Amino acid sequence: MDERLQQYDNKMQKAYDFLATDFAAIRAGRANPHVLDRIRVDYYGTPTPIQQVGNISVPEPRVIQIAPWEKSLIKDIERAIMASDVGITPSNDGAVIRLVFPELTEERRKDLVKEVKKKGEEGKVAVRNIRRDGNDAFKKLAKGEVSEDEVKQLEDKLQKMTDKYIKDIDALVEDKSKEILTV
């Protein structure tokens, strides 16, 4: 692949990966440890990801269990979860913390699907913005070092790349929507 196109492919891939990571954090009625990915715990004065201060497991389909490596962290982990946007109240038995995910109502499922579609649209806009930046850069090249035919080829390849990522994002949105609506 042309190195002039490679940088735009990398940017589009990052936009897609960001969206996929974002979707992983959206809970679909099942316990998914990725909902904890953005939560940081105050660990000796340093904000530390929960995954680095304890063992996270999913013993049942709707339960996440966090076993901190140090018992003294239980209160800090609970505080961090309460302050986050997970929307679940943690409970502990002195040794482990449990997050019990309630069944999603039909209305909540529909709201989540709307949110997924909105984020998907934002992802597509990001990809299109990258395409626009690429086309602008190629037009500047046309003023000097390359022929108009070459610029046209670059723009066509960039458009094909854009179409591929838009299709991938649509598939990602479709899969996540099905996952959320599956009871």
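The values are calculated or read from the model by the stated rules, or taken from the named source; none is laboratory data. All values derive from a computational prediction rather than experimental measurement. Virtual Cβ from ideal backbone geometry, glycine too; neighbours counted across all protein chains shown. Remember, those area values only see protein heavy atoms, side chains included, never the ligands or the DNA or RNA. Shrake-Rupley method; radii C 1.70, N 1.55, O 1.52, S 1.80 Å.
Only residues that are surrounded by fewer than 19 Cβ atoms within 10 Å (Cβ to Cβ) and either out of contact with any Lys or Arg (no Cβ under 7 Å at 6 or more places or on another chain) or modelled with pLDDT of 90 or more (or both) were counted across segment 53-64, and they come to 6. For segment 142-165, a residue qualifies if it is exposed (fewer than 14 other Cβ atoms within 10 Å of the Cβ), within 19 Å of residue 15 (Cβ to Cβ) and either in contact (Cβ under 8 Å) with a residue 60 or more places away in the chain or not charged (D, E, K, R) (or both), and exactly one does: 159. Among (1) more than 19 Å from the chain's Cα centre (by Cα); (2) within 30 Å of residue 168 (Cα to Cα); (3) crowded, with 19+ Cβ neighbours inside 10 Å; (4) modelled with pLDDT under 90, there is one condition residue 107 misses while meeting the rest; what is its number? Unmet condition: (3).
Whenever a residue of segment 79-90 is modelled with pLDDT of 85 or more, its partners that are β-branched (Val, Ile, Thr) and open to solvent by less than 90 Å² (accessible area, probe 1.4 Å), lying with C-beta atoms within less than 6 angstrom and at least six residues away or across chains, give the pairs 80/39; 80/41; 90/81; 90/97. As a summary of the residue check, residue 81 satisfies the conditions (1) open to solvent by less than 10 Å² (accessible area, probe 1.4 Å); (2) outside any helix (DSSP H, G or I) except for the one numbered (2). Just wondering, is there one or more residues in segment 111-132 that are crowded, with 16+ Cβ neighbours inside 10 Å and more than 19 Å from the chain's Cα centre (by Cα)? Among the residues of segment 111-132, at least one is crowded, with 16+ Cβ neighbours inside 10 Å and more than 19 Å from the chain's Cα centre (by Cα), which makes the answer yes.
Screening residue 40 against (1) modelled with pLDDT of 85 or more; (2) touching a Lys or Arg at 6+ places or on another chain (Cβ under 7 Å); (3) not aromatic (Phe, Trp, Tyr) leaves a single unmet condition, (2). Here is a list of conditions, (1) open to solvent by less than 70 Å² (accessible area, probe 1.4 Å); (2) part of a strand (DSSP E or B), and residue 31 meets all of them except one; can you say which number that is? If we test residue 31 against (1) open to solvent by less than 70 Å² (accessible area, probe 1.4 Å); (2) part of a strand (DSSP E or B), just (2) comes out false. Flag: residue 72 matches the condition of being open to solvent by 40 Å² or more (accessible area, probe 1.4 Å), among the small types (Gly, Ala, Ser) and under 30 Å from residue 51 (Cβ atoms). Exactly one condition in (1) open to solvent by 20 Å² or more (accessible area, probe 1.4 Å); (2) out of contact with any Gly (no Cβ under 9 Å at 6 or more places or on another chain); (3) closer than 16 Å to residue 7 by Cα is false for residue 138; which is it? It fails just one condition, (1).
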